[in-house]
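Inspection log for the structure reproduced underneath, given as structure tokens.
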Amino acid sequence: MNSFTNRRHFLRGTGALIALPALASIGFRPFASAAQKVKATPSKRAVFLGIGFGVTKETWYPDLKDTGAGYKLTEGLAPLARHKKDFTVVQGCSNQYSNEAHWGSTFWLTGANRYSIPGQNMANSISADQVAAQHLGQETRFASMRLDSSDGGGSGHGPGLSLSWNQRGKPIAGLNDPLKVFHKLFSADDLPLAQRQTAIAEKRSVLDAVLTEAKRVQRGLSKNDNDKLDEYFQGIRDIETRLSKDEDWLDVPKAKAPIEEPSPGLKGKEEIEMMYNLIIAALQTDSTRVLSYRLPGQKLLNSMGVTLSAHNISHYSPGERMEASKARDKAHSELLAGLIDKLKATKEADGSSLFDHTALAFGSNISSIHYLDNCPTVLTGGGANLKLGQHLALPKDTPLCNVWLTTLQGLGIQAERHGDSSGVVKELQA
């Protein structure tokens with residue numbers, strides 16, 4: 001066993017050998033000829049866009065009896081009219097364990113039961129984007145990119161640092177500033193290569209020392225303490241995986257930015273527009289193939305000249321608050337239509353478009369006025385081989401995770417279940 005393979009498979013400490021999960025980066029070096037990089041079939045991608053307090057029930061959802069391809073677009077979805085044949089609206093889905101009317105994104109991609117661990121009042125599980133990242137992110141610099149809103153966890157999103165949760169159900173931080181996202185994707189690291197290599201070696205040395213000490217105290221612990229320590233070990237392995245990824249790309253220059261550097265301080269509608277441009281740029285340069293974005297709510301309203309709070313608008317009734325809610329829905333649909341335009345306009349090496357190979361989901365865990373059933377769901381893009389151009393009304397309380405499972409399988413991921421899924425949605429499969 002050579003030192004490279006040994007380093008990647010194990011964390012070695014005094015008297016301890018800690019096995020790591022199988023890593024696709026073991027033995028993989030991201031150097032390829034131009035011919036190798038141009039694949040016969042472009043790679044699949046996945047994008048998840050989550051809003052907080054849901055939508056305006058009366059003007060966003062199509063009539064439940066008006067299904068299929070010939071359904072009438074509603075006022076809230078009207079800005080998407082030019083793409084009607086290329087997106088599907090799904091009704092009837094929910095997360096059976098949802099019980100918090102202010103958390104529009106915490107469990108949106110996980111379908112988890114927050115009380116699943118005895119003695120804890122907050123537990124989560126892996127989000128659909130991170131399942132996708134484990135399979136689609138092996139060959140890219142960033143396994144996934146997590147984008148967050150300038151509102152942080154406000155505006156109906158709930159606990160979390162982005163839409164993303166790792167395999168232990170722990171929150172993964174996102175970047176909430178377009179300028180920071182741009183530099184993360186495209187700005188060169190100013191530190192010399194030797195210094196960056198040294199920094200990674202030092203981090204590994206610390207991990208080894210910590211693991212050695214943890215193994216020393218493991219003997220004689222109770223089952224509960226051993227469970228906690230196992231979770232701790234998994235956290236260490238996660239760090240080692242990230243270090244391995246960083247090491248693989250240390251001497252590979254970042255892609256040249258296909259867009260200009262964003263202006264500082266963008267908020268609300270301009271912030272979303274720029275984040276969408278950065279999503280296109282990240283996919284176009286193959287810097288990552290999986291992105292999630294927890295969209296701003298309050299800052300979007302402010303940028304539209306609305307002075308009411310996102311929370312008060314979510315409790316709308318006919319009048320000023322309802323009109324603000326409807327205007328927000330239209331703004332989201334206009335922005336989404338613009339993103340689809342750019343996905344279609346950005347070409348792959350084989351002449352197809354990014355749209356043809358990207359699965360995109362838009363929605364929330366909250367439907368309307370704090371209700372947790374009938375989660376608003378829009379699916380678009382050809383990446384998951386879904387049946388687009390329809391309004392699909394599923395039986396009430398169909399697990400939303402059935403949609404995510406169908407999407408994951410359509411992306412070529414052999415998942416048997418996700419969250420509280422009970423099976424795939426056959427009506428979605430092309």
Q: Check 95, 99 and return the single one that is surrounded by fewer than 22 Cβ atoms within 10 Å (Cβ to Cβ) and among the polar types (S, T, N, Q).
A: 99
Q) Could you say which residue among 78, 112 is touching a Gly at 6+ places or on another chain (Cβ under 7 Å), among the aliphatic types (A, V, I, L, M) and in contact (Cβ under 8 Å) with a residue 60 or more places away in the chain? A) 112
Q.
Checking the condition out of contact with any helix residue (DSSP H, G or I) (no Cβ under 9 Å at 6 or more places or on another chain) and free of Cβ contacts under 8 Å to residues at least 40 places away in the same chain, which residue from 409, 414 passes?
A. 409
**Q.** Filtered residues of the range 328-358 (kept if of a type in the set (A, V, I, L, M, F, W, C) and crowded, with 17+ Cβ neighbours inside 10 Å)
**A.** 331, 335, 336, 337, 339, 340, 343, 354, 355
Q: Go over the candidates 149, 127, 116 one by one and state the one that is touching a Pro at 6+ places or on another chain (Cβ under 6 Å) and either buried (at least 21 other Cβ atoms within 10 Å of the Cβ) or farther than 20 Å from residue 246 by Cβ (or both).
A: 149
Q. Does residue 86 meet the test of being acidic (Asp, Glu), out of contact with any strand residue (DSSP E or B) (no Cβ under 7 Å at 6 or more places or on another chain) and surrounded by fewer than 21 Cβ atoms within 10 Å (Cβ to Cβ)?
A. no
(Q) Can you find a residue that is in contact with an Asp or Glu (Cβ under 7 Å, 6 or more places away or on another chain), surrounded by 15 or more Cβ atoms within 10 Å (Cβ to Cβ) and in a helix (DSSP H, G or I) anywhere in the range 388-404? (A) yes
Q) Of (1) within 21 Å of residue 127 (Cβ to Cβ); (2) surrounded by fewer than 23 Cβ atoms within 10 Å (Cβ to Cβ); (3) in the same structural domain as residue 328 (by TED's automatic domain parsing); (4) out of contact with any Leu (no Cβ under 9 Å at 6 or more places or on another chain), residue 287 satisfies all except one. Which? A) (4)
Q: Might you check whether a residue that is touching an Asp or Glu at 6+ places or on another chain (Cβ under 7 Å), surrounded by 18 or more Cβ atoms within 10 Å (Cβ to Cβ) and in a helix (DSSP H, G or I) occurs anywhere in the range 168-179?
A: yes
**Q.** Restricting the range 36-92 to residues that are touching a helix residue (DSSP H, G or I) at 6+ places or on another chain (Cβ under 6 Å) and among the charged types (D, E, K, R), the residue that is nearest to residue 153 (Cα to Cα)
**A.** 45
Q. Given the residues 110, 88, which is the only one that is of a type in the set (Ser, Thr, Tyr), over 16 Å from the mean Cα position of the chain (by Cα) and under 27 Å from residue 382 (Cβ atoms)?
A. 88
(Q) touching a Phe, Trp or Tyr at 6+ places or on another chain (Cβ under 6 Å) and touching a residue at least 60 places away in the same chain (Cβ under 8 Å): which single residue out of 150, 162, 127, 105 fits that description? (A) 127
Q) What is the residue count in the range 279-335 for residues that are farther than 23 Å from residue 48 by Cβ and part of a loop (DSSP other than H, G, I, E, B)? A) 11
Q) Using beta carbons and a limit of 6 Å, which pairs, at least six apart or on different chains, have the first residue in the range 84-102 and farther than 15 Å from residue 68 by Cβ and the second one among the acidic types (Asp, Glu)? A) 94/373; 94/397; 96/420
Q.
Going by what's in this entry, would residue 238 be described as in contact (Cβ under 8 Å) with a residue 24 or more places away in the chain, acidic (Asp, Glu) and over 30 Å from residue 118 (Cβ atoms)?
A. no
Q) (1) over 23 Å from residue 344 (Cβ atoms); (2) surrounded by 24 or more Cβ atoms within 10 Å (Cβ to Cβ); (3) in contact with a His (Cβ under 9 Å, 6 or more places away or on another chain): which one isn't true of residue 315, the others all being true? A) (2)
Q | Among the candidates 389, 383, residue that is within 18 Å of residue 128 (Cβ to Cβ) and not β-branched (Val, Ile, Thr) | A | 383
Q.
I want to confirm something. Restricting to the range 359-381 and keeping residues that are of a type in the set (A, V, I, L, M, F, W, C) and part of a loop (DSSP other than H, G, I, E, B), which single residue is surrounded by the fewest Cβ atoms within 10 Å (Cβ to Cβ)?
A. 369
Q | Residue among 256, 228 that is over 22 Å from residue 134 (Cβ atoms), of a type in the set (Lys, Arg) and modelled with pLDDT of 75 or more | A | 256
Q) Would the range 320-332 turn up any residue that is farther than 30 Å from residue 426 by Cβ and either of a type in the set (Phe, Trp, Tyr) or touching a Ser or Thr at 6+ places or on another chain (Cβ under 6 Å) (or both)? A) yes
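The values are calculated or read from the model by the stated rules, or taken from the named source; none is laboratory data. Here the structure is a predicted model, which means the values were calculated and not measured. Every residue, glycine as well, gets a Cβ built from its backbone with ideal geometry; the counts of neighbours run over all protein chains shown.
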